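Scroll down for the structure; my scribbles are underneath it.
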Amino acid sequence: MVTSRDSSPQPAATAAPDGVFAVLDECHRRTLDAIDKLEVVVARLEGNAPDADTRALAAGIVRHFATTAREHHADEERHLFPALAASGDAALQQAVLRLQQDHHWLEEDWRALQPSLDAIACGQSWYDVETLREGSAIFAELSRDHIALEESCLYPAARARLPPDDRQAMEREMAARRARHRR
């Protein structure tokens with residue numbers, strides 16, 4: 001049985017200099033795990049009604065992308081993108097523009113997938129497996145490419161450019177919001 005780790009609490013940001021990036025990196029790991037689970041769900045649906053494990057996987061995927069992933073994107077949009085877009089580095093500015101566009105496309109793709117995954121999680125059968133397969137493949141590819149660009153370009157630049165005070169303020173704000181959501 002594959003279980004979702006999405007119900008576990010997010011790691012709290014620490015006072016370590018790289019704590020904020022540890023939280024962001026952990027979200028990427030959880031997102032990649034959710035993408036893998038999405039692919040498992042789609043594969044299990046081929047000719048089969050979703051069993052209890054598949055329904056639980058679908059519910060965990062919905063929880064992750066409807067909350068954690070959206071918060072992660074909001075953190076980047078609020079704290080990382082503006083500073084890096086204002087850096088004067090043309091390549092970095094172009095990467096930020098692409099990542100912002102990715103956030104919009106990911107949200108659009110997610111909104112198309114979520115109703116079917118909600119239905120699966122609730123044991124309903126009105127979803128179309130072929131549509132879910134196609135949409136999931138696009139969503140998975142964009143998510144993986146997006147994370148790769150952030151980890152290879154954006155995060156190293158942010159680590160090098162964001163002053164410690166900005167990192168600490170970002171860390172505090174992110175930790176407070178996550179604590180509110182856990183209540």
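None of the figures in this text is laboratory data; all of them are computed from the coordinates on show. Quick caveat, the model's predicted, so the values are computed rather than measured. A quick note on method: Cβ atoms are made from the backbone with ideal geometry, for glycine too, and the neighbour counts reach across all protein chains shown.
General observations
- By the equivalent-ellipsoid construction on the alpha carbon gyration tensor, the chain comes out with semi-axes of 32, 19, 12 Å, ordered largest to smallest.
- The modelled label-to-label distance between ALA43 and ALA86, using points 7 Å beyond Cα along the C-beta direction, is 4.6 nm.
- Gain upon complete extension [ILE138, GLU108; 0.36 nm per residue less C-alpha separation]: 9.7 nm
- Computed over the chain: relative contact order in percent, which uses C-alpha pairs under 8 Å that are six or more apart: 32
- Residues LEU32 and GLU173, FRET efficiency given R0 of 30 Å [Cβ-Cβ distance, rounded to 0.05]: 0.75
- Of SER125, SER87, the sequence from fewest to most neighbouring Cβ atoms within 10 angstrom is SER125, SER87.
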